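Engineer: Below is the structure I would like to discuss, written out as structure tokens.
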Amino acid sequence: MKKIIIRQEGKKDYKSVYQVVKEAFEKEEYSDKDEHNLVERLRKSQAFIEELSLVAEIEGKIVGHIMFTKIKIGSHTALALAPVSVSPDHQGLGIGSKLIIRGHEIAKELGYKAVVLLGHENYYPRFGYKKASDYKIKAPFEVPDENFMVVELIEGGLKDIEGTVEYAKEFFEK
């Protein structure tokens, strides 16, 4: 298999990332088909963290992207993972996993303690995600309990943290 490089996204990558994200969600059943525009909006938001917008590259071509942005849970700051994207012709190669694992490592280095996400209940538990409701953390919208998840980046990272997640306003704009 060809070498997969995970690195921080740069401005020169924006066009390629837009295409990868758009293509990744085109045929996704549980998608509003706006993830590519969400990434654009989030980059301009107060919640954006440059170090946590990563790309996966194979032979100089961007084939994946992940973004973590700041959220609030009560008075605490945590992260939201959204979205993670891999181009359709590169799915199933472990690229999404590499992006998630590297993102978690960087988030931990930056001092973040937890990440929430809305995603497939059979995919994310392998990275330590558990139902957010187990920690008394709620989504600010209706969502199946098993799809709203959280992971502690450091042991005890969710101690004394509970409440409704407050996402960046850009998540709700179109």
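All of the numbers you see were taken from the coordinates with simple rules; none came from a lab. Everything numeric in this text was worked out from a predicted model, so none of it was measured. Every residue, glycine among them, receives a Cβ derived from its backbone with ideal geometry; neighbour counts consider all protein chains shown.
Engineer: So which residues in region 90-122 are of a type in the set (Val, Ile, Thr) and touching a helix residue (DSSP H, G or I) at 6+ places or on another chain (Cβ under 8 Å), if there are any at all?
Structural biologist: Ile100, Ile101, Val115, Val116
Engineer: Across region 123-139, which residue is nearest to His65 (Cα to Cα) among those that are assigned to a loop (DSSP other than H, G, I, E, B) and touching a helix residue (DSSP H, G or I) at 6+ places or on another chain (Cβ under 9 Å)?
Structural biologist: Residue satisfying both the conditions and the ranking: Tyr123.
Engineer: I've got another one for you. If we only count strands (runs of 3 or more DSSP E) wholly inside region 34-114, which ones have 2 or more residues that are surrounded by fewer than 18 Cβ atoms within 10 Å (Cβ to Cβ), of a type in the set (D, E, K, R) and within 16 Å of the chain's Cα centre (by Cα)?
Structural biologist: Ranges flagged: 48-58.
Engineer: Right, something else. Count, please, the residues in region 1-21 that happen to be closer than 19 Å to Gly92 by Cα, in a helix (DSSP H, G or I) and over 15 Å from the mean Cα position of the chain (by Cα).
Structural biologist: Of the residues in region 1-21, 1 are closer than 19 Å to Gly92 by Cα, in a helix (DSSP H, G or I) and over 15 Å from the mean Cα position of the chain (by Cα).
Matching residues to (1) of a type in the set (A, V, I, L, M, F, W, C); (2) under 23 Å from Leu54 (Cα atoms); (3) surrounded by 14 or more Cβ atoms within 10 Å (Cβ to Cβ); (4) free of Cβ contacts under 8 Å to residues at least 24 places away in the same chain:
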residue	(1), (2), (3), (4)
Leu118	yes, yes, yes, no
Tyr124	no, yes, yes, no
Lys130	no, no, yes, yes
Ser133	no, no, yes, yes
Lys136	no, no, no, no
Asp145	no, no, no, yes
Glu155	no, no, no, yes
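Engineer: Let me ask something else about it. Can you give me the number of residues within region 10-29 that are touching a helix residue (DSSP H, G or I) at 6+ places or on another chain (Cβ under 7 Å) and not aromatic (Phe, Trp, Tyr)?
Structural biologist: Residues in region 10-29 being touching a helix residue (DSSP H, G or I) at 6+ places or on another chain (Cβ under 7 Å) and not aromatic (Phe, Trp, Tyr): 5 in total.
Engineer: Are any residues in region 140-174 closer than 21 Å to Tyr123 by Cα and part of a loop (DSSP other than H, G, I, E, B), and if so, which ones?
Structural biologist: Glu142, Val143, Pro144, Leu153, Ile154
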